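Visitor: Before anything else, here's the structure in question.
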Amino acid sequence: MSTTTEQLAGAPATTLLRFATAGSVDDGKSTLVGRLLHDSKSVLADQMEAVEQASRGRGAEGPDLALLTDGLRAEREQGITIDVAYRYFATPRRRFILADTPGHVQYTRNMVTGASTAELAVILVDARKGVVEQTRRHAAIAALLRVPHVVLAVNKMDLVGYQEPVFAAVTEEFTAFATELGVPEITAIPISALVGDNVVAASAHMDWYGGPTVLEHLEGVQLADDATSGPPRLPVQLVIRHDGERHYAGQLVTGRLRVGDTVTVQPSGRVTTVTAIDVLGRPAEVASAGASLSVRLADQIDVGRGDMITAGPRAPRLTKAVEATACHVADTPLTVGRRLLLKHTTRTVKAIVEEIPSRLTLDDLSQHPEPGQLVANDIGHIRVRTAEPLALDSYAGSRHTGSFLLIDPVDGTTLAACMAGEPFGARTAEPGAAEPGAADDGWDF
């Protein structure tokens, strides 16, 4: 049995950390990930053999550890990362789901995918180049997605003579920028991914650094249980009829739900009580965030896919007027007046882009007013109106129910990943009520 298999067998006793890596082109990101997997003994023998064979085919003297994550043929041929590569590994202290994201500007949108569920982001910087535009872009995305922990990995320290002043200068510049963005926690680590300095084992060349290695920090970082502490939110995915009763199934994305809780079904606003909870087919008195479950309600009310069962004092805002920050990920521009679909949890509604007030300029964090459109990899502020009301939390309050996607209604292409702010408009819609001037169906709303 391999080390990885043995570790995974005992993994339920450990916590899980989802983290993403990002960096500009040739900063050594894939090499860092490969070194992390290799030195933590998380690589199977046949995987290592395939990497060694591919490395010899490219004329390398030793194994190119970057090939452990650059899995696509085009990635190996070009020596770059194109798609998000997910890797699963474990140590005796923690389990990990790693999202290795591309460095090229045209693939920045893929970082949004990789970091959307991450609790930590590792941002690489080449010690020789310092903070570049792509570094600022990655920091901005981490801040917008509210990734709670950021690691600045200053790589290729071996190529600058392991000089502490070089590391200090890069750290100071990045920290000033990221702090202005609102990144809550930054940990800087000097490394050499190629040699292995401070990745898994401490470096013998940087005695001036007394902090943790990358793996030590990943194993020891404290994770807040924000999902469980939030208000209960259960987007209904499926209605199951069994023995004459209706069971409403889905994943509890935040909070805790108990039998006997008073709940509100959105957007109808109907109030009822939870009479039973089943988790994995077994009765339970309480369920916590992350659990896939079904509930039964005391009253026979109309509940369907796309509705949301909520509880607690902090109700979501019910609105058709949505204001958000958008990371545009499609090749076609997002323009004012565009008709599209908006997907929020399990609910999909028709929507229209009413306004694009500004686009973020990453050089100085200024807002470029009225850009008219957002193109691929742009980050901007948008205002959208929907045909039906959404039970929307702010993204600052919940990453799960404060985010949504904009989708092309013709071919289903994802256009933008969005983080909701406070909805605009004079008032919040009453549960089940249409806003003035809103049509009942169609695009004219």
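The values are calculated or read from the model by the stated rules, or taken from the named source; none is laboratory data. Keep in mind that what you see is a predicted model, and the values were worked out from it rather than measured. Neighbour counts are summed over all protein chains in view; Cβ atoms, including those assigned to glycine, are modelled from backbone coordinates with ideal geometry.
Visitor: I need every pair where a residue in region 183-194 that is in the same structural domain as ILE123 (by TED's automatic domain parsing) and surrounded by fewer than 23 Cβ atoms within 10 Å (Cβ to Cβ) has its Cβ under 9 Å from the Cβ of a residue that is in a loop (DSSP other than H, G, I, E, B) and of a type in the set (Lys, Arg), sequence separation at least 6 or different chains.
Guide: Sorted first by the residue in region 183-194, then by its partner, the pairs are PRO184/ARG146; LEU194/LYS156.
For every residue, the table says whether it meets (1) surrounded by 15 or more Cβ atoms within 10 Å (Cβ to Cβ); (2) at pLDDT 95 or above; (3) over 30 Å from GLN237 (Cβ atoms); (4) in contact with an Asp or Glu (Cβ under 8 Å, 6 or more places away or on another chain).
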position: SER366; (1), (2), (3), (4): no, no, yes, no
position: GLY380; (1), (2), (3), (4): yes, no, yes, no
position: GLY402; (1), (2), (3), (4): yes, no, no, yes
position: THR413; (1), (2), (3), (4): no, no, no, no
position: ALA417; (1), (2), (3), (4): yes, no, no, no
position: ALA439; (1), (2), (3), (4): no, no, no, no
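Visitor: Additional query: Failed condition for GLY425, given (1) touching a strand residue (DSSP E or B) at 6+ places or on another chain (Cβ under 7 Å); (2) within 25 Å of GLY255 (Cα to Cα); (3) at pLDDT below 90; (4) not aromatic (Phe, Trp, Tyr), with all others met?
Guide: For GLY425, the exception is condition (2).
Visitor: Another question, if that's okay. Can you tell me which residue in region 154-169 is surrounded by the fewest Cβ atoms within 10 Å (Cβ to Cβ), limited to those that are in contact with an Asp or Glu (Cβ under 9 Å, 6 or more places away or on another chain) and touching a residue at least 40 places away in the same chain (Cβ under 8 Å)? Talk me through it step by step, then tell me what you get.
Guide: Restricting attention to region 154-169, the residues satisfying the condition of being in contact with an Asp or Glu (Cβ under 9 Å, 6 or more places away or on another chain) are 154-159, 162.
Applying the additional criterion that residues be touching a residue at least 40 places away in the same chain (Cβ under 8 Å) yields 155-158, 162.
Details: ASN155: 27, LYS156: 24, MET157: 27, ASP158: 18, TYR162: 20.
Going through the qualifying residues, I end up with ASP158.
Visitor: Right, here's the next one. In region 131-182, which residues are within 19 Å of GLY211 (Cα to Cα), in a helix (DSSP H, G or I) and among the basic types (Lys, Arg)?
Guide: none
Visitor: Let me ask another. Anything in region 281-314 that is without any contact (Cβ under 8 Å) to a residue 60 or more places away in the chain and out of contact with any strand residue (DSSP E or B) (no Cβ under 7 Å at 6 or more places or on another chain)? List them, or say none.
Guide: To start, the set of residues in region 281-314 that are without any contact (Cβ under 8 Å) to a residue 60 or more places away in the chain comprises 281-287, 291-294, 296-302.
GLY281, ARG282, GLN300, ASP302 - these are the residues of region 281-314 that are without any contact (Cβ under 8 Å) to a residue 60 or more places away in the chain and out of contact with any strand residue (DSSP E or B) (no Cβ under 7 Å at 6 or more places or on another chain).
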